[in-house]
1. Do the conditions hold for Y238, that is, is it among the aromatic types (F, W, Y), within 14 Å of the ligand (Cβ to nearest atom) and touching a residue at least 12 places away in the same chain (Cβ under 8 Å)?
2. For V48, indicate whether it is away from the ligand (no atom under 16 Å from the Cβ) and at pLDDT 70 or above.
3. Inspect the range 225-232 for any residue being modelled with pLDDT of 95 or more, within 29 Å of S272 (Cα to Cα) and surrounded by fewer than 17 Cβ atoms within 10 Å (Cβ to Cβ) and give the result as yes or no.
4. May I ask you to verify whether N245 is more than 17 Å from G134 (Cα to Cα), in a helix (DSSP H, G or I) and of a type in the set (S, T, N, Q)?
5. Determine whether S165 is at pLDDT 85 or above and exposed (fewer than 15 other Cβ atoms within 10 Å of the Cβ).
6. Test of understanding: among S193, S203, which residue is loosely packed, with under 14 Cβ neighbours inside 10 Å and more than 12 Å from the chain's Cα centre (by Cα)?
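The values are calculated or read from the model by the stated rules, or taken from the named source; none is laboratory data. Values in this document were obtained by computation on a predicted structure and should not be read as measured data. Neighbour counts run over all protein chains shown; Cβ positions are idealised from the backbone, glycine included.
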Amino acid sequence: MENIIIKKVLIIGSGVMGSRIACYLSDVGLSVFLLDIIGNDKNRNSVVNSNLNKTIKSRPEPLLDKSIVHNITTGNIIDDINKIKDCDWIIEAVSEKENIKIGTIDGNLLNHKITFENDLVALNNLNYESNFTGISSDVHRLKKGEILYLGGVKIPSSKGLLGHSDGDVVLHAICDAILGASSNGDLGKYYPSSNKKWKNASSKLFLKNTLDLIKKENKQIKNIDVQIILQEPKLVNYLELIKENIGKLLNLNSENINVKVTSTDKLGLIGSGEGIGTLCAVNLIKL
Ligand SMILES: [Zn+2]
C-alpha cells in the first residue's frame, strides 16, 4: 500500500463552518461524522440536524449523497466520542463567538486545523503517507559445533552462532528495526538474556511477538532491507531461501524484501570468522 487513505472524518461543531465542511467532504466521498457540543444531551441531536439541513438547503448544488453525513449525536457526549475514536481526521469547527468552554481529546499531529476559507483547498489532497523508519545492527559470535540459523533458515556450516536464544542474528536485527520504527525500544527490553525463559528460544517467536505488537498499533511493514556481514560460509546459494523465509514470517511480498550479503574483506573480528553481523532497515506504515 503506497498511501494512507483518509476515510472517516469527525467534525466537532455543526455550525455554519462545521456543516459546510461536512458537505464538502461528503462530496469527495468521505464518511463524515458531525458532533456538536452546544446544548444539553437531549437537544444536541436536533441542533446538529437542523444546522446540517439548513446548510444542505442553502447549497447551489444538492448534496451528492446525504447518507454519507452521519449525525453521531446519541444523547450522551461520552458515547459519541467513543463511537468515533477511529476517525482518521478530527476537524474543530467551533466558533469562538459561542463563548463555550473548550475541552481536549487525544489527537494526532497529522490532524489539520481549518481556520480560513482557503484552508479548505488543502482538503483536496486528502492522501498522505505516514511512514516510520527503523534501523538496527546485531553481531553474534561463531562457535564450532553450533547450528547456524540465518533468517530462520538452517545453513550448513561447521560453526554456528552463539546466543542466549538460537542466535539468529538476522531475525534479531529485523525485530530490533521493527521495534525502532514503532518506537517500542529494543529486543533486550522484551527478552533479556538474564531471563532463563528465553534460553535456546527460537528467534521466530521473538519476531512473531514483535509483529503482534505492531499489529495492535495498526502498523504494518512496508518494506525491509537486510544486510548480512560475514566472511564464511558463502551464502550465495541460500540468499533466496532466506529471503523467501523472511517473506513468509513477515507476510510480505518478495518485492518488499531485500536480503544482501557482504564481507569485511577479511578485516576485523567478522573478517577472521569470529562472528556474523547483520544490519537492517525497516519502513512501517500506520493504517
Ligand atoms: Zn542478537
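1. No: the conditions fail for Y238.
2. Numbers: away from the ligand (no atom under 16 Å from the Cβ): yes; at pLDDT 70 or above: yes.
Yes, satisfied.
3. So the first thing to find is which residues in the range 225-232 are modelled with pLDDT of 95 or more, and the list is 225-231.
From the residues that got through so far, the ones that are within 29 Å of S272 (Cα to Cα) too are 225-231.
Now drop any that are not surrounded by fewer than 17 Cβ atoms within 10 Å (Cβ to Cβ), which leaves 225.
Yes, some residue in the range 225-232 is modelled with pLDDT of 95 or more, within 29 Å of S272 (Cα to Cα) and surrounded by fewer than 17 Cβ atoms within 10 Å (Cβ to Cβ).
4. Working: more than 17 Å from G134 (Cα to Cα): yes; in a helix (DSSP H, G or I): yes; of a type in the set (S, T, N, Q): yes.
Here the answer is yes, as N245 does meet what is asked.
5. Details: at pLDDT 85 or above: yes; exposed (fewer than 15 other Cβ atoms within 10 Å of the Cβ): no.
When the stated conditions are applied, S165 does not pass them.
6. Values: S203 fails: loosely packed, with under 14 Cβ neighbours inside 10 Å.
Unique residue meeting the criteria: S193.
Results for (1) closer than 14 Å to G152 by Cα; (2) within 19 Å of the chain's Cα centre (by Cα); (3) assigned by TED's automatic domain parsing to the domain that holds I155, shown as yes or no for each residue.
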{"position": "D225", "(1), (2), (3)": "no, yes, yes"}
{"position": "I228", "(1), (2), (3)": "yes, no, yes"}
{"position": "L249", "(1), (2), (3)": "yes, yes, yes"}
{"position": "A281", "(1), (2), (3)": "no, yes, yes"}
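One line per residue, one yes/no per condition, for (1) away from the ligand (no atom under 12 Å from the Cβ); (2) over 15 Å from L284 (Cα atoms); (3) not assigned by TED's automatic domain parsing to the domain that holds Q231:
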residue	(1), (2), (3)
I174	no, no, no
I178	yes, no, no
N184	yes, no, no
G188	no, yes, no
K199	yes, yes, no
L205	yes, yes, no
